[in-house]
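Working notes for the structure below.
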Amino acid sequence: MIYDAFEDFAAALPTTTALMGLDLGEKTIGVAVSDRMRGVASPLETVRRKKFTLDAAQLLKIIAGREIGGVVLGLPKNMDGSEGPRCQSTRAFARNLSRLTEVPIGFWDERLSTVAAEKALLEADTTRKRRGQVIDHVAAGYILQGALDRLRFL
């Protein structure tokens, strides 16, 4: 089931299960996971996109293996809050994924998450090559951590 309102998504989540955060890009999908208490998001991996069926199979494997109770998808809104083609693509991905799993899917505004991830990696003195390898799943970690922080106040 897909939830547009984050409060509805939060209400649909089973208790004491981990969450998975996704940063969808055109070529990659950044993946982060939380602990079961939903306190800390940890970047996990970057999935190289191929076809939806292959991408979904890899994500479903993570969902099953880590007993994920919900998926938070970063919604790439424009800076003025409007939704463009990338948001439509993300919503289509969510619709297709929801047909394959019963896990609740919610959206989180991801504006500037990649910028924040890049800044953190620069502050950590990460090489350009390494930043390119990890930026997507670090951004997914920022998206998921924002959602986890919001869950604490609901």
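All of the numbers you see were taken from the coordinates with simple rules; none came from a lab. Since we're looking at a predicted model, the values are computed, not measured. Glycine also receives a Cβ, built like all others from the backbone with ideal geometry; neighbour counts cover every protein chain displayed.
Annotation: the residues 52, 107, sorted from fewest to most other C-beta atoms within 10 Å of their own C-beta, follow the order 52, 107.
Among the GluC sites (Glu not before Pro) within the stretch 30-89, those in coil by DSSP and having at most 13 neighbouring Cβ atoms inside 10 Å are 67, 83.
Once the chain from residue 50 to residue 154 is taken as fully extended at 0.36 nm per residue, the excess over their C-alpha distance is 33.8 nm.
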